[in-house]
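Have a look at the structure below, then the notes.
The values are calculated or read from the model by the stated rules, or taken from the named source; none is laboratory data. Model, not experiment: these values are computed from the prediction. Heads up, the Cβs are rebuilt from the backbone with ideal geometry, glycines too, and the neighbour counts pull from every protein chain shown. Ligands, DNA and RNA are stripped out before the accessible areas are found, and what is left, the full protein with its side chains, is counted by its heavy atoms. Shrake-Rupley method; radii C 1.70, N 1.55, O 1.52, S 1.80 Å.
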Amino acid sequence: MNARTPPAGPMPAEWAGISGSRELIDRARDGIMLFDADGRIEVANPALERMTGHPAGELAGRMVSSLFEAPADGADGPSPESRAIAQSCRAMLRCFGGDLLEVTLEPIRLRADDGRELGGCYVFAHGRADTAVRDFAVMVSGRLADSRRQSEAAQDSPEESGDAELRRLQTFKLEQAAILERIAIDAPLPEILEAVIRMLESYAPRYLCSILLLDDSETQLRLAAAPSLPPAYTAVLNGLRIGPYAGSCGASAYMGRHVVAPDIANDPLWHDLHELREPALAHGLRACWSMPIFSAAGTILGTFAIYARSPSEPEASELALQHSCCHIASVAIERKRALQALKENEARFREQASLLDNTRDAIFTRTLDGIILFWNKGAERMFGWTREEAVGASARDLLHEDDDPVSFANNAQRIVALGECIFERDMRDKFGGRFTVEYRMMLIRNEDGSPKLVLATLSDITERKKAEAAVHQLAFYDQLTQLPNRRLLYERLLHASAVNGRVGRSGALLLIDLDNFKTINDTLGHDKGDALLQQAAARLSRCMRGSDTVARFGGDEFVVVLEELAGGAPAAAARAEMLARRLCEALAEPFDLNGYEHLCSGSIGITLFNGTEKTADMLLKEADLAMYRAKAEGRNCIRFFDPKMQKALNRRLELEADLRFAAARNELLLHYQPQVDHEGRVTGAEALLRWQHPKKGTISPEIFIPLAEETGLMVPIGQWVLGSACSALAAWRADPRLQALTLAVNVSIYEFRRHDFVEHLLHLLARSGADPRRLKIEITETVLAKNMEDTVEKMSALKRHGVSFSLDDFGTGYSSLSYLKQLPLDQVKIDRSFVRDVLADQNDASITRTVIALGNTLGLEVIAEGVETLEQQAFLWGHGCYAYQGYLYSRPVPEPAFRELAGKRFPRPLAEPDGEN
Ligand SMILES: Nc1nc2c(ncn2[C@@H]2O[C@@H]3COP(=O)(O)O[C@H]4[C@@H](O)[C@H](n5cnc6c(=O)[nH]c(N)nc65)O[C@@H]4COP(=O)(O)O[C@H]3[C@H]2O)c(=O)[nH]1
């Protein structure tokens, strides 16, 4: 545009050239007026009349300025003289009746080539002017100028040039529509951009155009379309850096505005751009006007450049065309990018969905009402419903959520409240198959935070649950009877005592022992023993209520915990006894052990509890004591624990604790009781263990030996005894009075059974230097009862080293005498219980005689213990027993006293007493 413009002349006749465009102007939504160089209105369209309320046709002929108040934005008034092309502004329009209306004004000024003012066109809009209308108005105005030029040059008839213009314009519009259609059908972008360029180039054949797009780095422009520009030039143009002096396009993209280089050869923007400028000039490109292509959001997408072959500046019409092309290009680029983004999103979504399909878990989404929206392959596999069947269906129906409506409703509430919840649930598939899942629900929210939908992830944990159940079964249940085992019993007992203590209720613990079970196992075999335990367990369970527990405590012992016994202690005891009777009756029914009928009974010990002051162990001990009382009192009976038992129990517990350290504290010692022959000579001694308790004085072995045997202390104590006896024997070797004596030592079955008993004893003998031939081991019949082979083997091994054996308490056991022949014994000992009444009791006398005869027959020495009187001695002597031990000679004494006794001669038995039995 030439700035040195001469004053405007009269209204040119060329206005008639727009007559063919009137229809378009009249139909426009925005107000349009055309005015001459003096500012007199020539044309005002109906939209403008509607806006201002001026009657139709009344505006034509008025001065433009009469319609305006001062401009609203404080800029210069929109008089034709003061407005530049294409600068929109706010203006106040004076309406019919005087009201003011604020509008957006798009002014377009028209000048002749010689700079004369030709008039102008104003477009009024309430908001932003319709770009299409604006472009159109600009174009019409531009065409007016062209038309005037042509009429001046050719003096053609105005109607003809107006028609030609209208045809070109219609062609342009048709092409524009065709391009929009191609955009709509998603034709390739380069094709569309090229069509946009061709549209302009065919409308204005003297120009060549290019479209460059900003690359991802936003620092360079890439060639997108330039069909008519020479390839040698476009090759250099491609990759143009943007910047303030980077040619028309580089500067336009950099500054974000229209940049005009009227003469490339002299333009400062092109000055430093030799590599581009030279080829441009070489190919006859002299002017370049570049316009940024904006996105709807206002960011720069690229540039649209028009090249002219002679130095020039754009006319209003050319600017309008360029603007229009930029607009179409922007729509095409943005739509293409949006479609591309959509496609990428879709691809990403499909990829994510296929990832979801690869998981083993079932994943689905549903609305808050339960309508399924998404259903992955895992869900198809888990539930058997295909995606087509599931999407749109109700989760309630598909997943049988009504199976447990309460828990489901609770979880649905929880998820809305907490946003997430996890629970385990049994489910059913389409075909009725059942399985267990870990069900995770997560609430997905809308952007405003309101609940949108629920994402559910379900993992099948059926196998894990089974494995857990199997582990639990192994850990807490007895495998033979399937009853709770000892560990679970302790837990239940703990729980029962805690609950009962809280609510002030009583409970009872029953310990049931099957009478003579060991005999069944030993005589009938383990399979029958197992069958008996299984059937007994089933019978006991049948007598129980749901709240009670029957457990297998081990071996043939069962424990019952009665948790909820109503009433006080007496009522609870009565109830417990009643149940115990029922249990006894149940056990009394004959058992069918794989075809073998067996009658059984049980002994039951009961203790009551109602709080936690007694531990599970204490309760079990109490029931155990009561059960032993029941057994001692004839089996098949029921006994309650009473506090006296408790006292005894306490004493026993204390003693046990003390006994544990007795050897270490040197509280154990050996006493020696002489053994005498029929000549009255001391032949040996029996070593008898004594416990010198620091507070309780001497404690009898008859009290502490059974305790040691029960508590596992017998082995270390027995080892101490054997060690001490060996040491004594070794010491005796040096004393002529003692060196020929034997020393009898009691060995418990618990010591004898140990696999290394022989080695250990031989080691003690060797270490001490004692003569094995002087050591006599006293064993009881219980040693013989089990594993005869092992017993014979051990005895024989020791015998080979000179150790001899005496059978203690002979006659008191139940064992058959026949095995005596198999044993490498040296001596049998008549139990002192027979000797005591041998003169008074016929039975004892005859047993004593039989034992002596048997011993003699087998070639074994017979010794009698507990000989207190000369009469007893005489009886024994008279029936062939020539060795004695008893208070008649001496009580067990400490070693120094025994040394004295060893040299002593006791009176020999002279004759049998009168009145022999
Ligand atoms: N009424 C009466 N009693 C007499 C008479 N002569 C001896 N006695 C007692 O009879 C018991 C004999 O020992 P036992 O039958 O082996 O019976 C022993 C034995 O079974 C066990 N015992 C003692 N010391 C040991 C030991 O070191 N190891 C093992 N395993 N058991 C032992 O303790 C039991 C009791 O031992 P003690 O109390 O020492 O009792 C001793 C002894 O003091 C008598 O004329 N009249």
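Brief remarks on what is shown
- Exclusive hit being of a type outside the set (D, E, K, R), within 19 Å of LEU193 (Cα to Cα) and not in a loop (DSSP other than H, G, I, E, B), set LEU281, LEU301, LEU229: LEU301
- The strands (runs of 3 or more DSSP E) falling completely within the range 635-705 that include 2 or more residues that are open to solvent by 60 Å² or more (accessible area, probe 1.4 Å) map to 638-640.
- Taking every residue in the range 594-607 that is open to solvent by 90 Å² or more (accessible area, probe 1.4 Å) and pairing it with any residue that is part of a loop (DSSP other than H, G, I, E, B), at least 6 positions away or on another chain, the pairs with Cβ-Cβ distances below 8 Å are GLU597/PRO590; LEU599/PRO590.
- Residue pairs meeting the criteria (Cβ under 6 Å; at least 6 apart or on separate chains; first at positive phi, in the range 853-870; second within 16 Å of the ligand (Cβ to nearest atom) and basic (Lys, Arg)): GLY866/ARG832; GLY866/ARG836
- Scanning the range 822-846 for residues that are more than 30 Å from ARG800 (Cβ to Cβ) and within 16 Å of the ligand (Cβ to nearest atom) yields ARG832, SER833, PHE834, VAL835, ARG836, ASP837, VAL838, LEU839, ALA840, ASP841, ASP844.
- Count - residues of the range 865-887 that are in a loop (DSSP other than H, G, I, E, B), closer than 12 Å to GLN675 by Cβ and within 14 Å of the ligand (Cβ to nearest atom): 2
- Check on ARG116, of a type outside the set (Phe, Trp, Tyr), open to solvent by 20 Å² or more (accessible area, probe 1.4 Å), at pLDDT 65 or above and within 20 Å of GLU313 (Cβ to Cβ): yes
- Residue check, GLU577 in contact (Cβ under 8 Å) with a residue 24 or more places away in the chain, among the charged types (D, E, K, R) and touching a Gly at 6+ places or on another chain (Cβ under 6 Å): no
- Within the set LEU688, LEU653, LEU670, LEU707, the sole residue that is within 14 Å of the ligand (Cβ to nearest atom) and farther than 29 Å from PRO909 by Cβ turns out to be LEU707.
- When ALA687, ALA626 are screened for being in contact (Cβ under 8 Å) with a residue 12 or more places away in the chain, of a type in the set (Gly, Ala, Ser) and outside the structural domain of PHE757 (by TED's automatic domain parsing), only ALA626 passes.
- Residue in the range 742-765 that is more than 60 Å from the chain's Cα centre (by Cα), open to solvent by less than 50 Å² (accessible area, probe 1.4 Å), within 9 Å of the ligand (Cβ to nearest atom) and in contact (Cβ under 8 Å) with a residue 12 or more places away in the chain present: yes
- Flag set for ALA571, criterion: in contact with a Ser or Thr (Cβ under 9 Å, 6 or more places away or on another chain) and surrounded by fewer than 17 Cβ atoms within 10 Å (Cβ to Cβ).
- Inter-residue pairs, beta-carbon under 7 Å, first assigned to a loop (DSSP other than H, G, I, E, B) and in the range 423-435, second small (Gly, Ala, Ser), 6+ apart: ASP429/GLY384; LYS430/GLY384; PHE431/GLY384
- No other residue among HIS271, HIS283, HIS327 is under 23 Å from ILE108 (Cβ atoms) and open to solvent by 60 Å² or more (accessible area, probe 1.4 Å) apart from HIS327.
- Residue ranges of helices (runs of 4 or more DSSP H) in the range 716-808 with at least 2 members among the acidic types (Asp, Glu): 788-800
- Considering SER796, SER748, the condition of being within 22 Å of ILE705 (Cβ to Cβ) and among the small types (Gly, Ala, Ser) is satisfied by SER748 alone.
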